[in-house]
Amino acid sequence: MTTDKGPIDFQIIRDMLYNDEAYVDEFCQASVTSFTEFKNNFHKNVMEEDLETLRRTGHKIKPVAKMLKLDPLLETYEKSKILLSESSDEDIAKMKKKYADDMDAYCDKILQQLKERSENVS
């Protein structure tokens with residue numbers, strides 16, 4: 001589900017937090033930190049072909065991404081794990097930058113939407 005301005009449907013968050021705007025705001029602020037950390041670590045782990053650290057990075061964000069129905073994030077994460085574990089060096093070299101860039105772009109949309117919401121509430 002999405003809103004007009006990005007991938008996050010804030011109604012999911014409101015429903016989860018009993019429409020308490022203070023909790024929603026706190027959740028969104030914490031999510032900015034979490035998604036920023038994920039974005040940076042994902043990019044680094046994919047480019048360095050560090051599958052184990054990539055798994056730990058994804059493990060931290062997956063529950064929130066599933067709850068918010070951020071399917072493109074989950075799909076890119078899964079494709080990246082498969083790429084690093086099953087592909088040839090040539091395939092990895094071609095695709096790792098694409099996956100890292102795709103994730104950067106998607107996380108940027110998420111972060112922009114979260115920051116805009118925080119600014120409008122404050």
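Observations on the model:
- Among (1) part of a helix (DSSP H, G or I); (2) more than 11 Å from the chain's Cα centre (by Cα); (3) modelled with pLDDT of 95 or more, the one test that D91 misses: (3)
- Any hit, region 74-82, residues being touching a helix residue (DSSP H, G or I) at 6+ places or on another chain (Cβ under 7 Å), over 27 Å from F10 (Cα atoms) and at pLDDT 95 or above: yes
- Residue check, P72 part of a helix (DSSP H, G or I), in contact with a Phe, Trp or Tyr (Cβ under 6 Å, 6 or more places away or on another chain) and not hydrophobic (A, V, I, L, M, F, W, C): yes
- Within the span defined as region 45-67, every residue fails to be of a type in the set (D, E, K, R), within 14 Å of D104 (Cα to Cα) and touching a helix residue (DSSP H, G or I) at 6+ places or on another chain (Cβ under 9 Å).
- Inter-residue pairs, beta-carbon under 9 Å, first assigned to a helix (DSSP H, G or I) and in region 104-115, second surrounded by 13 or more Cβ atoms within 10 Å (Cβ to Cβ) and among the small types (G, A, S), 6+ apart: K109/G6; I110/G6; I110/S31; L111/S31; Q112/G6; Q113/G6; L114/G6; L114/S31
- Of all residues assigned to region 49-60, none qualifies as being in a helix (DSSP H, G or I) and in contact with a strand residue (DSSP E or B) (Cβ under 8 Å, 6 or more places away or on another chain).
- Qualifying residue in region 9-16 (condition: of a type in the set (D, E), more than 15 Å from Y99 (Cβ to Cβ), touching a strand residue (DSSP E or B) at 6+ places or on another chain (Cβ under 8 Å) and not in a helix (DSSP H, G or I)): yes
- Among the residues of region 10-44, those identified as farther than 15 Å from C107 by Cβ and of a type in the set (V, I, T) are I12, I13, V24.
- Taken over region 96-122, the criterion of being of a type in the set (V, I, T) and either modelled with pLDDT of 95 or more or surrounded by 13 or more Cβ atoms within 10 Å (Cβ to Cβ) (or both) is satisfied by I110 alone.
- Residues of region 1-36 that turn out to be under 14 Å from the mean Cα position of the chain (by Cα) and over 18 Å from S118 (Cα atoms), as a count: 0
- In region 35-70, the residues that are surrounded by 15 or more Cβ atoms within 10 Å (Cβ to Cβ), free of Cβ contacts under 8 Å to residues at least 60 places away in the same chain and over 16 Å from S85 (Cα atoms): N41, I61, K62, V64, A65
The values are calculated or read from the model by the stated rules, or taken from the named source; none is laboratory data. It should be emphasised that the depicted structure is a prediction, and the values quoted were computed from it without experimental measurement. Positions of Cβ are backbone-derived with ideal geometry, glycine not excepted, and every protein chain shown enters the neighbour counts.
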